[in-house]
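*Asks:* After the structure tokens below, expect a handful of questions from me.
The values are calculated or read from the model by the stated rules, or taken from the named source; none is laboratory data. Treat the numbers as computed from the prediction; the structure is a model and nothing was measured. When we count neighbours, we look across all protein chains shown, and the Cβ atoms used for this are built from the backbone with ideal geometry, even at glycine. When the accessible area is computed, the model is the full protein with side chains, heavy atoms only, and any ligands, DNA or RNA have been set aside. Shrake-Rupley method; radii C 1.70, N 1.55, O 1.52, S 1.80 Å.
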Amino acid sequence: GGYVGVDIFFVISGYLITSIIFNEMKAGKFTYLNFYARRARRILPALLAMIAITTIAAFLLFLPDDLVEYGKIVIYTLLFGGNFRLAATLGYFHHSMQENPLLHMWSLSVEEQFYLIWPTLLALMIRFLPERRHRLAVLALGVLSLAAAEALVHIWPRSAFFHLPTRGWEL
């Protein structure tokens, strides 16, 4: 049903962005300002255009109660926290959620949350670990995230689906 596509996207995005960050850090060329400016130039134009178009459609098509819920998700999406809002609802697979035009924005939120944390973790790793331990450290973080996903999918499935700690292994 296309759900694996997000997983594959996370893997590709995480690999590419991690490679860029890591190589820039090792070369002494990484800056948070440049990194986040590149992310903003890449993400914000398409995000803002998509939200503008869906908001116009929502005003034309939604009933007032649905419009209020849509507005809440817009705010969370713009703050890259759409996954938190959606995790607090009925869940991604609930039939009523399938009419939500911003349902897919949870994945962008997870990705951007990852890129708020990941550069600092990489910088700490480079500073405090010998180079031969870098891959092992990344692997250990990935295994911890996967273990959290496996544990939570049985007791708190929405959290396992929507939140960074259980999706980080893919990135």
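*Asks:* Of these, L33, L60, L67, which one is of a type in the set (A, V, I, L, M, F, W, C) and within 27 Å of R158 (Cα to Cα)?
*Replies:* Testing whether each residue is of a type in the set (A, V, I, L, M, F, W, C) and within 27 Å of R158 (Cα to Cα) leaves just L67.
*Asks:* Still on this model: Give the residues of the stretch 104-122 that are of a type in the set (A, V, I, L, M) and in contact with a helix residue (DSSP H, G or I) (Cβ under 6 Å, 6 or more places away or on another chain), sorted by residue number.
*Replies:* M105, V110, L122
*Asks:* Is it true that some residue in the stretch 3-22 is in a helix (DSSP H, G or I), more than 30 Å from L129 (Cβ to Cβ) and open to solvent by 80 Å² or more (accessible area, probe 1.4 Å)?
*Replies:* yes
*Asks:* Still on this structure, I have one more. Of all the residues that make up the stretch 146-170, how many are touching a helix residue (DSSP H, G or I) at 6+ places or on another chain (Cβ under 6 Å), surrounded by 16 or more Cβ atoms within 10 Å (Cβ to Cβ) and either part of a helix (DSSP H, G or I) or among the polar types (S, T, N, Q) (or both)?
*Replies:* Result for the stretch 146-170: 10.
*Asks:* Please identify the pairs in which a residue from the stretch 126-139 that is loosely packed, with under 12 Cβ neighbours inside 10 Å has its Cβ atom under 7 Å from the Cβ atom of a residue that is of a type in the set (A, V, I, L, M, F, W, C), counting only partners at least 6 apart or on another chain.
*Replies:* Once the first residue is loosely packed, with under 12 Cβ neighbours inside 10 Å and sits in the stretch 126-139, no partner that is of a type in the set (A, V, I, L, M, F, W, C) comes close enough.
*Asks:* Can you tell which of R133, R85, R127 is at pLDDT below 90 and of a type outside the set (S, T, N, Q)?
*Replies:* R85
*Asks:* Select, from A27, A37, A46, the only residue that is without any contact (Cβ under 8 Å) to a residue 24 or more places away in the chain, under 23 Å from L102 (Cβ atoms) and either exposed (fewer than 10 other Cβ atoms within 10 Å of the Cβ) or more than 14 Å from the chain's Cα centre (by Cα) (or both).
*Replies:* Being without any contact (Cβ under 8 Å) to a residue 24 or more places away in the chain, under 23 Å from L102 (Cβ atoms) and either exposed (fewer than 10 other Cβ atoms within 10 Å of the Cβ) or more than 14 Å from the chain's Cα centre (by Cα) (or both) holds for just one of A27, A37, A46, which is A46.
*Asks:* Looking only at the stretch 49-60, count every residue that is open to solvent by 100 Å² or more (accessible area, probe 1.4 Å) and either touching a helix residue (DSSP H, G or I) at 6+ places or on another chain (Cβ under 9 Å) or on the phi > 0 side of the Ramachandran plot (or both) and tell me the total.
*Replies:* Going through the stretch 49-60 one residue at a time, the tally reaches 1.
*Asks:* A further question follows. What number goes with the only condition from (1) of a type in the set (S, T, Y); (2) crowded, with 19+ Cβ neighbours inside 10 Å; (3) within 18 Å of F10 (Cα to Cα) that Y76 does not pass?
*Replies:* With (1) of a type in the set (S, T, Y); (2) crowded, with 19+ Cβ neighbours inside 10 Å; (3) within 18 Å of F10 (Cα to Cα) applied to Y76, the lone miss is (3).
*Asks:* Here is a further query. Can you spot a residue in the stretch 108-119 that is assigned to a helix (DSSP H, G or I), touching a residue at least 12 places away in the same chain (Cβ under 8 Å) and more than 19 Å from Y15 (Cβ to Cβ)?
*Replies:* yes
*Asks:* Within the stretch 98-122, how many residues turn out to be in contact with a Ser or Thr (Cβ under 9 Å, 6 or more places away or on another chain), open to solvent by 10 Å² or more (accessible area, probe 1.4 Å) and under 19 Å from A40 (Cα atoms)?
*Replies:* Selection size over the stretch 98-122: 4.
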